[in-house]
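Report on one structure; see the data block that follows.
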Amino acid sequence: MNYANVIIDISHEKVDRTFQYIIPEELKGSIKPGDCVNVPFGKGNSLRHSYVISISDKSEIEPERLKYIDSLSDSFNRIQSDYIKLASWMKDTYGSTMIAALKTVLPVKKPVKLKEKKKIIRKLSSEETASLYSEAIRKKHPAKARLLNELVKEEVLPYELVTGKLNVSSSTINSLFKDGVISIESESVYRNPVVPDTERDKAKELSDEQRYACDTINEKTGKYLLHGITGSGKTEVYLNIIEKTIARGQQCIMLIPEIALTYQTLLRFYKRFGDRVSVMNSTLSAGERYDQCLRAEKGDIDVIIGPRSALFVPFPNLGMVIIDEEHESTYISEQNPRYHTKETAEELCRIKNATLVLGSATPSLESYYGAKNGEYTLLRLTRRLTGGTLPDAEIVDMRNELRNGNRSMLSRRLSELIKDRLDKKEQIMLFLNKRGYSGFLNCRMCGHVIKCPHCDVSLSRHNDGRLKCHYCGYETGDVKKCPKCGSEHIRAFRVGTQQVEETVKKMFPQAYVLRMDADTTQEKDSYEKILSAFADNEADILIGTQMIVKGHDFPNVTLVGALAADLSLNDSDFRTGEKTFQLLAQAIGRAGRGEKTGLAIIQTYRPDHYSIIDAATQDYEAFFEEEISYRRLCSYPPAGCMVHVLVTSDDERRALGLATALKKRADKDVAIIGPAPDVISKVSDRFRYGIYIKGRSKESVAATRLKMEEFLDMAPLINENVTFDVL
């Protein structure tokens, strides 16, 4: 007798374990690890979906106490055994349930019927069909006559053409079918989300640095960090190493941080590899997503491109995972399990014996720290492909603008340069740094930001006027005057891309302006339309948030303006310096990517901050040394390890009580910060309290998190929920 150990499709800690079922005789040999099956579960023996984790010939309890598997669910929901291992690792690493992890690695949650393509085939001779046509005309059957007339000329007609352009109903078609005049054939076809109409490109000549990077990566399986300045040709390196991987009969996953980058990236890859490339992202229909996974499983595509969810496309022989712009925070999931794409890709590559390549002009501190410590092989691209240099950057002190009577969001220097570029028919990008937007106070005269005296992060202003720290719970009253310079010009920052657009149009009515933000990109293909229009020089100025400064290549852009450049420094997050440097360095890098020299203007109230100074000079090494010393001092990642524990409940007293109880489960070798109201202290009538586990090693923090999870398994929870977020 054979037995299956399964995970029930219920996302609850109480059933987050395997249950054993007997495999019935008629299903022996049909059920494999990873299959989705229906099993009776609970007192009522209602059928539940479950996933087979393993098969055994030994029962864990008396066989007479076990139930039988009822049936096998749709075969497409099968999880490859490698992804079962990955889900188990995600559960242990990020503190989720096993079923939540399994659902994450499932490429498609629900099977979709394949699209059918029909064709109508003439069975009679053209003379016989012409005779029937004449008869249809005589009997005044115009629809039948239209179809027969076309069949006289063509032996095979597409079904959609007949029902669409010829306007022939299915009943008319079926009558001819019954009379033996035609036959109807159909075949299943894949829904292809993007098929660019473009000619194939040949590989470009590589620079010495590119060639060295390609040769090193192609030589052996491993983990690599490609640190290349903006415009240095990282994508050409990706194309080369993917080409070599495909030549070995393996497949590749190419991850990008934003859907907005999909079209431009896909176009370049399609020119090189044709329809062996596809895309996976949230804008696809359920049918399109389903078809791409089928194509991948069957080996009909070699490369998949998309944001973090594309990591789980089920390639049978995965050879390489590339994570472009690996520093981006969008690679961290906001749903349970709150996985880090980089770490999860690293584990998948270990399981599959595949190569991992991380690429960025501004690597995350974790990746660069790992490269310095030998975890990754560090490869550098230090020169722009065009032969030009990185654009110059000027820092404009907005405090002086205010003192000189300029209350506009555009400095005088930036306004002059915009006019100059418009006169020269060159393009401009205006980037509004909206990170760190929530509730901080800063002084417009001296740039001072009200911070927590204990955590070195900005205090958030709540609706009641109190200023609070969401790390340690410190709070104080509202501030009306700057404690540093005494100015009354201290207030919360309030500006958006729409306001910037209105100001620019008023100042430069002759310019054609495009805006790209969450409001203008809600419709499908809206990203592509905006970016294509700007790339085709149909607009003079592109205004947007961080989505416009990530990976785009517009040769005619010679001026970039960074508005409110220091805004991200005011977020209540220990990574504010890193985020600011990365955003500004990426923004500056959009200028001068063609033959013309580029210039960037950085508008800021804090011109002396090291992240802004180092971004202006594009000096990553200087920034890294300054930032890592701060992280070491405070034991922040990567010099230490932190986990954010979020407790939510519809009862504030119970939320705080549970957070306090969890705090008491901590080991002595870790520090616990909090509990305190979370950054957003209440959502949908649920109160939110956070605590932070902080330690020198991942092992010590993981041990405390495990104790908390064990406590939660035994705790009499009513309506509380707890999530663990590795920082």
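Remarks
- For segment 536-622: rounded, prolate or oblate by the Cα gyration tensor [a/c cutoff 1.5]: prolate
- Of the trypsin sites (Lys or Arg not before Pro) found in segment 342-446, those in coil by DSSP whose Cβ has at most 15 other Cβ atoms within 10 Å are R407, K424, K425.
- Length-normalised contact order of segment 641-726 in % [C-alpha pairs under 8 Å, at least 6 apart]: 45
- Spatial separation of Cα centroids for segment 336-412 and segment 17-61, in angstrom: 47
- With the charge dipole of the chain set up from +1 on Lys and Arg Cβ and -1 on Asp and Glu Cβ about the Cα centre, the Cα lying farthest toward the positive end among the listed residues N5, G640, A533 is that of A533.
- Placing unit charges on the Cβ atoms only, positive for Lys and Arg and negative for Asp and Glu, gives the chain a dipole magnitude near 1000 debye about its Cα centre.
- Normalising the average separation of contacting C-alpha pairs (under 8 angstrom, six or more residues apart) by the number of residues puts the relative contact order of segment 235-381 at 25 percent.
- Distance between segment 660-727 and segment 144-177 - C-alpha centres, whole angstrom: 67
- L658, L717 arranged by Cβ crowding within 10 Å, fewest neighbours leading: L717, L658
- Gain on full stretching of the segment that runs from K202 to I137 - 0.36 nm per residue minus C-alpha separation: 17.9 nm
- Only the Cβ atoms of Lys and Arg (+1) and of Asp and Glu (-1) were treated as charged; on that basis the dipole of segment 3-105 about its Cα centre amounts to roughly 200 debye.
- Peptides 317-327, 207-217, 142-152 ordered by packing proxy, namely the average of other Cβ atoms within 10 Å per residue, highest first: 317-327, 142-152, 207-217.
- DSSP bridge orientation in the chain - percent antiparallel, rounded to nearest 5: 55
- Here the alpha carbons of segment 115-189 define both size measures, Rg and Dmax, at 11.7, 39 Å.
- Loop chymotrypsin sites (Phe, Trp or Tyr not before Pro), segment 235-308, which have at most 13 other Cβ atoms in a 10 Å radius of their Cβ (DSSP): none
- Among R17, R590, R272, the order by Cβ neighbours within 10 angstrom, fewest to most, reads R17, R272, R590.
- Given their separation in residues at 0.36 nm each and the Cα-Cα distance between them, N2 and A703 gain 248.7 nm when the chain is fully extended.
- Sequence-separation-based contact order of segment 3-105, relative, with Cα cut under 8 Å and 6+ spacing, percent: 32
- Mean Cβ count within 10 Å, highest first, over the residues of peptides 57-63, 556-562, 567-573: 556-562, 567-573, 57-63
- Take the Cβ atoms of L161 and R407, set R0 to 56 Å, and the FRET efficiency comes out at 0.35.
- A Förster distance of 56 Å, applied to the separation of the beta-carbon atoms of I680 and D275, puts the FRET efficiency at 0.80.
- Least to most buried among S285, S367 (fewest other Cβ within 10 Å first): S285, S367
- Nitroxide proxy distance, nm - points 7 Å out along Cα→Cβ at S56 and S81: 1.7
- Using the Cβ-Cβ distance between C485 and S285 with R0 = 41 Å, the FRET efficiency computed as 1/(1 + (r/R0)^6) comes to roughly 0.15.
- Between the residues S700, F687, Y224, the greatest Cα displacement towards the positive end of the dipole of the chain, with unit charges on the Cβ of Lys, Arg, Asp and Glu, is found for F687.
Every number here is computed from the coordinates shown, using simple stated rules; none is lab data. Please read all numbers here as calculations on a predicted model, not as lab measurements. A quick note on method: Cβ atoms are made from the backbone with ideal geometry, for glycine too, and the neighbour counts reach across all protein chains shown.
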